[in-house]
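The values are calculated or read from the model by the stated rules, or taken from the named source; none is laboratory data. Just so it is clear, the structure is predicted and the values come from calculations on it, not from any experiment. Every residue, glycine as well, gets a Cβ built from its backbone with ideal geometry; the counts of neighbours run over all protein chains shown. For the accessible areas, the whole protein counts, side chains as well, though only heavy atoms, and no ligand, DNA or RNA atoms are used. Shrake-Rupley method; radii C 1.70, N 1.55, O 1.52, S 1.80 Å.
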Amino acid sequence: GLLTALFAQHHGAASVVVLDPTPQRRAVAEALGLQTLDAGADDPAVVLKTRWNHAAGDRGADVVFQCRGQAWALQLALRLLRPQGTVIDLAFYQAGADAVRFGEEFHHNGLSLRCAQIGRVPRGLAPTWDRERLSAETVDLLRAYGDRIRTHLVSAVVPFDEAPELLTDLAERRRQELQVVLTG
């Protein structure tokens, strides 16, 4: 999610705000130079739709990238959009997303929901977003933000032979990391 926000900012998005209920993640986003908002405080949809007021009856974000993989986050992403806006969903819902209510903002505002999983570029964009361009854009982002990414986003560097213990600790929630780099 944080890298997606950096990509959007780097490529000229008019406004990028990272919503997260976790203070540590918001602190990292701020250290990366991103605006943040506590997803659990006040109503983020009201706050941002007040900020992004385009015209009467036309408030909200053009695009929301949803990266949490939790139903509440997808529901909030839909609420943040302006009419005919789009959620690009980068998450996977292991427990499903039964709490998402498509009868409210989704239908009333003519919203779009796009799934964007690893290795899949939307039809029609594949010729312009091939692996070479994706790689070049990644390198460009790292040139622009690499020091900040390493300092603030990579939370641990672990020898490869310690990976099984690390993965067990993460799975059993004995350890939390933003991003781990395994070394040889």
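Could you calculate, for the range 1-119, the ratio of the Cα radius of gyration to the Kirkwood radius, expressed as Rg to Rh?
Result for the range 1-119 is an Rg/Rh of 0.94.
Would you mind checking which residues have amide H under 5 Å from Leu81's amide H? H placed 1.01 Å from N; only 5 or more apart, or other chain.
Placed amide hydrogens put Ala61 under 5 Å from Leu81.
I want to verify a result. In a Gaussian network model of the chain, Cα cutoff 10 Å, which of these has the top mean-square fluctuation: Ile149, Ile118, Ile88?
Ranking Ile149, Ile118, Ile88 by mean-square fluctuation puts Ile118 first.
Does the range 1-71 classify as rounded, prolate or oblate by the C-alpha gyration tensor (a ≥ b ≥ c root eigenvalues; a/c under 1.5 gives rounded; else a/b over b/c gives prolate, otherwise oblate)?
Oblate, since a/c reaches 1.5 and b/c is not below a/b.
Collect residues whose amide H, placed 1.01 Å from N in the peptide plane, falls under 5 Å from the amide H of Gln66; neighbours closer than 5 in sequence don't count.
Answer set, sorted by chain and number: Ile88, Asp89, Leu90.
Given only helices, namely DSSP H runs of n ≥ 4 each adding -39500 (n - 2.57), what is the per-residue ellipticity at 222 nm of the chain, to the nearest 500 deg cm²/dmol?
The helix contribution divided over the chain gives -10500 deg cm²/dmol.
With the full set of protein chains in place, find how many percent of the accessible area of the range 109-184 is carbon and sulfur; take the probe as 1.4 Å.
Looking at the range 109-184 in its full context, I get 51 percent from C and S.
What are the ³J(HN,Hα) couplings of the range 14-29, residue after residue, when phi is run through the Karplus curve with 6.51, -1.76, 1.60 and θ = phi - 60°? Round to Hz, x for glycine and proline.
My calculation for the range 14-29 gives 4, 8, 10, 10, 9, 9, 7, x, 8, x, 5, 5, 5, 5, 5, 4 Hz in order.
How many Å² of accessible area per residue for the chain, probe 1.4 Å?
That works out to 63 Å² for each residue.
Testing the spin-label approximation: label points 7 Å from Cα along Cα→Cβ at Thr183 and Ala31. State their distance in nm.
1.8 nm
With a cut-off of 8 Å between alpha carbons and a minimum separation of six or more residues, what is the relative contact order of the chain in percent?
Normalised by residue count, the contact order of the chain is 14 percent.
So, in nm, how far is label Arg101 from label Glu172 when the simple model puts each one 7 Å beyond its Cα toward the Cβ?
Distance between label points: 4.0 nm.
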